[in-house]
1. Can you give the translational diffusion coefficient of segment 1-45 in µm²/s, computed by Stokes-Einstein from the Kirkwood radius over Cα pairs at 4 °C and 1.567 mPa s?
2. Over segment 15-66, what is the relative contact order in whole percent, taking alpha-carbon pairs under 8 Å and six or more residues apart?
3. In deg cm²/dmol and to the nearest 500, what is the mean residue ellipticity at 222 nm of the chain if only DSSP H runs of at least 4 residues count, each as -39500 (n - 2.57), divided by the residue total?
4. What is the antiparallel percent of DSSP beta bridges lying wholly in the chain, to the nearest 5?
5. Using only alpha-carbon positions, what ratio does the radius of gyration of the chain give when scaled by 2.2 N^0.38 Å?
6. How many lysine pairs does the chain hold where the Cα atoms are under 27 Å apart and the two sit 8 or more places apart or on different chains?
Amino acid sequence: MAKGTIYIDQERCKGCSLCLSACPQNVIVMDNEVLNAKGYHPAVLSDADDKCTGCAICAVVCPDACISVYRQVRAKANVVS
Ligand code: SF4
Ligand code: SF4
């Protein structure tokens, strides 16, 4: 399965939690220790087990386009005949 990661612009996040509900890997949480300039607890990636697949569902559902998705490109295997 592909590996991915995300960047969340925490200053633009309005804490709606739509991305948490949408993520099939459950690797997004609300950061209750942080308040952004708008006064919201922003979403943050919590992926210690490296489970994000880069599927981009979170980025699609975010109404404020706060999430950028990065996907790891796998090297092609060399076939020796
Ligand atoms: S890219 Fe997919 S797996 Fe990764 S955080 Fe977003 S919804 Fe979850
Ligand atoms: S969907 Fe967007 S605005 Fe809502 S919590 Fe996630 S990153 Fe923040």
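Bear in mind these aren't lab numbers, they're just calculated from the coordinates by the rules spelled out. Everything numeric here is computed off the predicted structure, so don't read it as measured data.
1. 118
2. 39
3. Calculated from helices alone, the mean residue ellipticity at 222 nm is -2500 deg cm²/dmol.
4. Counting only bridges with both partners in the chain, antiparallel ones make up about 100 percent.
5. Against the empirical 2.2 N^0.38 Å value, I get 1.28 for the chain.
6. Lysine pairs meeting the criterion: 6.
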